[in-house]
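Following: one structure in structure tokens, then a few remarks.
The values are calculated or read from the model by the stated rules, or taken from the named source; none is laboratory data. These numbers come from a predicted model, not from an experiment. Using ideal geometry, Cβ is built from the backbone for each residue, glycine included, and neighbour counts are taken over all protein chains shown.
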Amino acid sequence: MSDDIHAPPSEYYSGPLTLKSAGIHRSRSRNYQASIEFHNQPALSLPSADPSPPHSPGGEQTPNTLRRRGSLDDKTRHPRRFLVDIATIERAILDQEDTNGDYQITVEDSGPKVLKVPTAGSGGNRTMEIRGTYMLSNLLQEMALAKDHGLRQVVIDEDRLSENPVSRLSRMIRTTFWNGLVRCMDEAGIQKICADPKNTQPGARPIIYVPHGDPDALEYYTGVARDLASLHIDVVRLPREITPQYVKSINKQFGILTLAADVSRDANGRLVYKPLPFVVPGGRFNEQYGWDSYFEALGLLCDGRVQLAKNMVDNFVYEIKHYGKILNANRSYYLTRSQPPFLTDMAIKVHDAMAPGEERDEWLRHALSAAITEYHEVWMSLPRLDATTGLSCYHPTGIGMPPETESTHFDHIVQPYADRLGVTADEYKRLYQADAISEPELDAYFVHDRAVRESGHDTTYRLDQRCAHLATVDLNSLLYRYEADLASAIETHFGGQMTQTNGQVSCAAAWRERAATRRAAMDRYLWNEEKGLYFDYDVELAEQSKYESVTALWALWAGCASTEQAARLVDAACRRFEAAGGLVSGTEESRGRITLLRPNRQWDYPYGWAPHQMLAWSGLYSYGYASVARRLAYRWLFTITRAFVDFNGVVPEKFDVVGMTHRFHVEYGNVGVDFRMVPREGFGWMNASYQVGLTYLTSHMRRALGALTEPEVFFSRAGWSTDASASHTPACMPCPVPAFAAADARRNQMGPSSALHSALEAALSPSTGYFDLPLTGTTNEEDASNPPLSPASSTTSDSTTV
């Protein structure tokens with residue numbers, strides 16, 4: 001077992017099970033203590049809450065009792081450790097504390113929140129109380145992790161149970177959650193990936209769809225199906241041209257789509273095919289998703305998991321080559337649908353993290369070539385391009401009802417049409433899907449429905465029944481970033497001209513011109529001078545939408561706002577979207593009144609999502625609003641940390657940032673909250689937001705976060721401003737430098753402050769491409785002499801030990 005009390009479970013619970021206080025010594029009380037070996041011993045009969053010491057029948061000594069023990073455990077030379085018989089203590093804690101029966105210990109349980117557990121220093125003869133929701137839930141989690149490693153008895157350090165929650169959550173993300181989210185389409189992992197909760201067809205067989213142009217994949221997966229005959233896997237080769245009609249024809253044959261692999265031949269010419277591992281969002285999402293992968297990659301890079309992030313870029317390049325686009329996810333029913341595009345920035349960040357050399361530049365050329373193909377053939381072509389404005393819309397090419405939805409999902413939409421024909425809703429859906437009925441209104445409805453799903457914001461009243469006609473702020477900000485990234489990368493790495501993998505030459509100057517053209521169009525159609533916000537533009541109605549969305553801040557991340565626009569935008573956004581727990585998706589007024597017939601949507605007020613937070617932090621920082629970025633990061637991380645402490649380590653998909661809770665009822669539920677005893681995955685982009693968000697915090701903020709100091713209390717006591725004012729002048733360099741900020745500033749040639757860019761450039765490590773400044777220090781809005789907030793003076797959660 002590892003001597004590091006904060007080691008990953010694979011190390012902490014490995015090796016022979018012995019007391020960590022091993023070794024005979026004479027204590028100051030002059031009473032003897034000895035180590036006790038448990039490896040390969042039968043299960044112990046440990047004491048319950050009764051503090052009286054156990055004894056063997058007839059007073060006989062057993063191998064697990066001590067000859068003598070002191071009246072008190074030695075606390076000075078040896079930190080406290082607990083001697084845990086997992087079955088006994090697990091049963092005790094669940095019977096006593098888990099009053100709602102969900103196999104979690106949370107603030108909603110009404111137990112006494114105290115449990116007596118045998119101590120290791122006494123060989124299990126004495127007990128010590130473990131108190132409070134946080135430590136008890138950590139005990140439950142640690143026992144579950146120990147069972148994962150085949151242990152029945154274990155010694156657990158008290159410091160592992162009382163670990164600062166910020167450190168514990170960050171460590172669990174780094175050492176456990178990412179590993180829990182890794183999938184691979186090899187023979188060992190294919191069964192887990194093929195499982196699809198959306199596939200409700202009775203007796204459905206697993207299907208692996210292979211691109212027409214990948215014979216190696218066909219050979220490999222045909223062999224997998226043969227070797228795993230008991231799974232009854234069907235391997236289907238896709239046609240050379242994948243049309244919407246073909247995709248509709250396989251609506252009832254749900255299947256997984258192959259991704260990239262390392263392919264070679266051995267000395268005998270036999271295929272060596274190694275599918276690339278990748279990260280999934282978590283919960284029911286068991287495939288590689290489009291925009292989720294970008295944010296997951298940021299977290300992976302923060303945690304040094306460069307190869308995983310690179311694999312995910314390689315999978316996107318494969319998708320563009322074989323499926324024509326980056327897919328919503330690699331499932332058959334997503335073949336006509338993309339998601340918000342982030343490939344250029346994702347590839348560049350991975351490239352910056354790779355070891356220097358020609359190999360990484362060649363890799364970047366392949367990735368950027370794929371991004372250029374995607375840009376032209378997906379986003380700058382019909383039906384997604386609006387020729388009048390020159391802007392782009394989400395507009396997938398699928399036809400009919402999306403097959404991955406629940407069978408009754410569209411009944412309320414279809415019922416009026418069914419009533420007109422005098423048939424049931426089920427019969428009408430069958431006739432409509434078979435093209436036996438033509439209904440243009442329904443056709444239009446499903447185009448918009450699919451477009452909402454392609455946007456990633458499914459669902460919201462912002463996009464309801466109009467999405468395919470909206471040139472959205474978010475999509476066009478992303479495409480501007482593509483153009484700016486390509487200009488910068490081609491100039492920096494390829495001398496201003498890059499030969500693509502298809503032989504065509506791409507010039508940095510042309511991409512700068514495209515970026516300037518889009519920026520002018522965004523200023524004309526999306527910017528609202530009166531309100532100081534960007535709005536979506538309806539290309540059919542030729543007017544701006546009135547819905548106020550936090551995606552307006554994506555323009556800062558992309559770098560397409562002027563300094564003057566940024567000042568007005570930050571002021572307007574803070575007043576409209578800053579909530580107690582972070583940035584809210586949109587305003588309550590824009591969402592409208594909620595009724596039984598008009599329920600809430602998950603991408604509307606009062607919900608907040610990790611992508612919106614992360615892009616806003618980066619954009620605000622790059623425009624000089626570091627204090628605002630840090631303030632928003634603190635709000636979001638506090639919301640995550642408090643839920644983690646109070647609800648058994650939960651890391652959910654999203655939050656109500658107004659009520660600062662993950663406990664709510666909304667469409668599609670809240671992924672990541674259903675687990676037994678210990679969370680093993682978190683949720684992909686939430687994990688990433690925590691790791692990235694921590695790099696924005698000063699040491700003072702991190703200490704306050706560990707003490708669960710409410711945001712308003714911290715801002716008031718620390719003297720932080722809560723307006724949108726810039727946090728520094730060009731001569732003042734803030735510290736710490738957040739992850740990726742220096743590299744982003746170096747790349748962004750259209751940024752607002754050359755002085756800021758120069759300062760960030762000076763902080764950039766030429767060897768790693770990341771910042772060299774320590775993650776400590778203060779900003780000019782935080783007095784360096786402020787003492788750290790003590791847990792006693794801060795607002796803390798239930799029985800938190802920090």
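If we keep just the residues of region 270-304 that are among the small types (G, A, S) and at pLDDT below 95, which is nearest to F177 (Cα to Cα)? Ranking the qualifying residues of region 270-304, first place goes to G282. The one condition from (1) within 26 Å of Y220 (Cβ to Cβ); (2) touching a residue at least 60 places away in the same chain (Cβ under 8 Å) that D262 does not meet is (2). Among the criteria (1) closer than 18 Å to T695 by Cα; (2) modelled with pLDDT under 95, the one N670 does not fulfil is (1).
Among the residues of region 340-374, the ones that are among the polar types (S, T, N, Q) and under 24 Å from the mean Cα position of the chain (by Cα) come to 1 in all.
The strands (runs of 3 or more DSSP E) found entirely in region 143-244 that carry 1 or more residues being touching a helix residue (DSSP H, G or I) at 6+ places or on another chain (Cβ under 8 Å), among the β-branched types (V, I, T) and in contact (Cβ under 8 Å) with a residue 40 or more places away in the chain are 153-157, 207-210. Residues in region 253-276 that are assigned to a loop (DSSP other than H, G, I, E, B) and within 15 Å of C194 (Cα to Cα) were compared, and the one that is farthest from the chain's Cα centre (by Cα) is Q253.
Filter region 680-727 down to the residues that are hydroxyl-bearing (S, T, Y) and closer than 22 Å to L169 by Cα and list them by number. Result: S689, Y690, T695, Y696, T698, S699, T709. Of the residues making up region 550-578, those that are buried (at least 24 other Cβ atoms within 10 Å of the Cβ) and not in a helix (DSSP H, G or I) are G559, C560, A561. Sub-6 Å Cβ pairs linking a first residue in region 412-439 that is free of Cβ contacts under 8 Å to residues at least 60 places away in the same chain and surrounded by 15 or more Cβ atoms within 10 Å (Cβ to Cβ) to a second residue that is among the acidic types (D, E) and part of a helix (DSSP H, G or I), at least 6 apart or interchain, are A425/D411, ordered by first then second residue.
Restricting attention to region 511-566, the residues being among the aliphatic types (A, V, I, L, M) and at positive phi number 1. Taken together, the residues in region 367-410 that are over 15 Å from P341 (Cα atoms) and surrounded by 16 or more Cβ atoms within 10 Å (Cβ to Cβ) amount to 12.
Within region 113-125, which residues are surrounded by 22 or more Cβ atoms within 10 Å (Cβ to Cβ) and not small (G, A, S)? Correct list: L115, V117, P118.
Within the option set T344, T258, being in contact with a strand residue (DSSP E or B) (Cβ under 8 Å, 6 or more places away or on another chain) and either crowded, with 23+ Cβ neighbours inside 10 Å or at positive phi (or both) holds for one residue only, T258. Please work out if Q245 is more than 21 Å from R331 (Cα to Cα) and either surrounded by fewer than 24 Cβ atoms within 10 Å (Cβ to Cβ) or of a type in the set (S, T, Y) (or both). Spelling it out, it is not the case that Q245 is more than 21 Å from R331 (Cα to Cα) and either surrounded by fewer than 24 Cβ atoms within 10 Å (Cβ to Cβ) or of a type in the set (S, T, Y) (or both). Residues in region 630-662 that are in contact with a Gly (Cβ under 8 Å, 6 or more places away or on another chain), of a type in the set (K, R) and under 23 Å from M677 (Cα atoms): K654 only.
Out of A616, A561, A629, A633, one residue alone is at pLDDT 95 or above and outside the structural domain of D723 (by TED's automatic domain parsing). It is A561. Pairs linking a residue in region 519-544 that is charged (D, E, K, R) to a residue that is crowded, with 23+ Cβ neighbours inside 10 Å and modelled with pLDDT of 95 or more, with Cβ atoms under 7 Å and 6 or more positions apart or on different chains, are R519/Y480; R519/C560; D536/L470; D536/A471; D536/T472; D536/V473; D538/L470. Each residue in region 613-642 was checked for being under 20 Å from the mean Cα position of the chain (by Cα), polar (S, T, N, Q) and within 19 Å of G559 (Cα to Cα), and 2 of them qualify. The C-beta contact set for region 295-312 (first residue of a type outside the set (A, V, I, L, M), second residue part of a loop (DSSP other than H, G, I, E, B), distance under 8 angstrom, 6+ apart or interchain) comprises E296/P281; C302/T695; C302/A739; K310/M354; N311/A260; N311/L276; N311/P277. Among the small types (G, A, S), crowded, with 22+ Cβ neighbours inside 10 Å and at pLDDT 95 or above, is that true of A225? Here the answer is no, as A225 does not meet what is asked.
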